[in-house]
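Read through the structure below, which is laid out as structure tokens, and then see the notes.
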Amino acid sequence: QARMVESGGGLVQAGGSLRLSCAPSGGIFDRYSMGWFRQAPGKEREFVAAVSWSGDSPYYADSVKGRFTISRDNAKNTVYLQMNSLKPEDTAVYYCAATRRMATTRSPLLYDYWGQGTQVTVSS
């Protein structure tokens, strides 16, 4: 059974940090690129970061570059998003997604599997 489960969201003050985790199962993790997206109220779902199956050359949206780090631990079947220096504009529901395409894929239409999302709220 294919599943994607995110965790680690919460409420944090501006300047703080959170680490999100995603635990795919059912054959999704191996040889898939993994991405993180976010969606704020009234806005479209936007690309945040992605990483290939090998972990090489992580790819980031300009808005989070230098603050967020995506990584994966294939032995644990887990992908992470470390979020530092959080800003109120980072407030959104964050989704883990998997694609068989390259990690440079930014369009959510090209991702095959999605988690249920985890809420991140950053207060000023």
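List of remarks:
- Test: residue in segment 60-74 that is touching a residue at least 40 places away in the same chain (Cβ under 8 Å), outside any strand (DSSP E or B), out of contact with any Gly (no Cβ under 9 Å at 6 or more places or on another chain) and of a type outside the set (A, V, I, L, M, F, W, C): no
- Among (1) within 15 Å of the chain's Cα centre (by Cα); (2) more than 26 Å from residue 16 (Cα to Cα) - the single one residue 117 does not satisfy: (2)
- The test for being among the hydroxyl-bearing types (Ser, Thr, Tyr) and on the phi < 0 side of the Ramachandran plot does not hold for residue 57.
- Complete set of residues in segment 76-116 that are in a strand (DSSP E or B) and open to solvent by 40 Å² or more (accessible area, probe 1.4 Å): 82, 113, 114
- Identity of the residue in segment 9-42, closer than 18 Å to residue 103 by Cα and basic (Lys, Arg), that ends up farthest from the chain's Cα centre (by Cα): 31
- The condition (being of a type outside the set (Gly, Ala, Ser), closer than 16 Å to residue 4 by Cα and surrounded by fewer than 18 Cβ atoms within 10 Å (Cβ to Cβ)) is satisfied by just one residue among 62, 73: 73.
The values are calculated or read from the model by the stated rules, or taken from the named source; none is laboratory data. Bear in mind the structure is a predicted one, so any value in this text is a computation, not a measurement. When we count neighbours, we look across all protein chains shown, and the Cβ atoms used for this are built from the backbone with ideal geometry, even at glycine. Areas reflect the complete protein model, heavy atoms only, side chains present, ligands, DNA and RNA absent. Shrake-Rupley method; radii C 1.70, N 1.55, O 1.52, S 1.80 Å.
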